Amino acid sequence: MALGILREKGQVSIEFILIITIAMVYIYGVVWPIVDDSTNAAADIKAVADTKVSAMKLANAVNEASMSSGDMKKTINIFLPDGGSIECQTGNDFITYKTLVAYVGEWDPVSPAGWNPDEDHCTLVLQPVPADRPDWFECSSTVELLEPLQEDCPGTMVGRLFRKFVVQKTGGAVSIGWET
């Protein structure tokens, strides 16, 4: 009788181990890749959003300065993630922002459904890229300004960056610079 109980407990243990093994294989083979792709895509979306928000903060500060009736000075914080950049040039009435993304999903140029890089202002980067991200796309867009920039502008700011910028209007001209 004691031998029968031991055999039953042994069978239960083997079945339990088998069920756990099948569950682990399923999690590792099916669930984990989906979670990994979703996490990477969310990180790309966040990078684009962070870059766009920084460009909009800069453009809003420039617009506020250009519309003010007198001299003014405003300090703003700009955050750019890795692969993000903001470009402003004297004489332009826009600020350009760009972000490198790689985990935006499969892109099929003949498929009418899904993500379309051309409509989303994204182009494939043809320069050498790291081996872990072979298909980089550069997504870019602009934020319009009310008036063209007339004075100093820092040019292209490239991330990883967290800095304070000063937008200043002196004698009718708006300038952008690093906080000193």
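The values are calculated or read from the model by the stated rules, or taken from the named source; none is laboratory data. This structure is a prediction, so every number in the text was calculated from the model and none was measured. We place every Cβ from the backbone using ideal geometry, glycine too, and count neighbours over all the protein chains shown. Note: areas computed on protein heavy atoms with side chains; ligands, DNA, RNA excluded. Shrake-Rupley method; radii C 1.70, N 1.55, O 1.52, S 1.80 Å.
Applying the selection to the stretch 40-80, what residues are touching a residue at least 24 places away in the same chain (Cβ under 8 Å) and basic (Lys, Arg)?
Result: Lys46, Lys52, Lys73, Lys74.
From the list Thr39, Thr21, exactly one residue is farther than 30 Å from Cys88 by Cβ, in a helix (DSSP H, G or I), open to solvent by less than 90 Å² (accessible area, probe 1.4 Å) and modelled with pLDDT under 90. Which is it?
Thr39
Taking the stretch 57-75, which residues are out of contact with any helix residue (DSSP H, G or I) (no Cβ under 7 Å at 6 or more places or on another chain) and either surrounded by 15 or more Cβ atoms within 10 Å (Cβ to Cβ) or of a type in the set (Phe, Trp, Tyr) (or both)?
Lys57, Leu58, Ala59, Asn60, Ala61, Val62, Asn63, Glu64, Ala65, Ser66
Show the residue pairs that are 6+ apart or on different chains and have beta-carbon atoms under 7 Å apart, the first residue being within the stretch 144-157 and at positive phi, the second being in a strand (DSSP E or B) and open to solvent by less than 80 Å² (accessible area, probe 1.4 Å).
That search, which allows pairs on different chains as well, returns Gly155/Glu87.
Which of the residues spanning the stretch 126-167 are at pLDDT 80 or above and open to solvent by 70 Å² or more (accessible area, probe 1.4 Å)?
Glu144, Leu146, Glu147, Thr156, Val158, Arg160, Phe162, Arg163, Lys164
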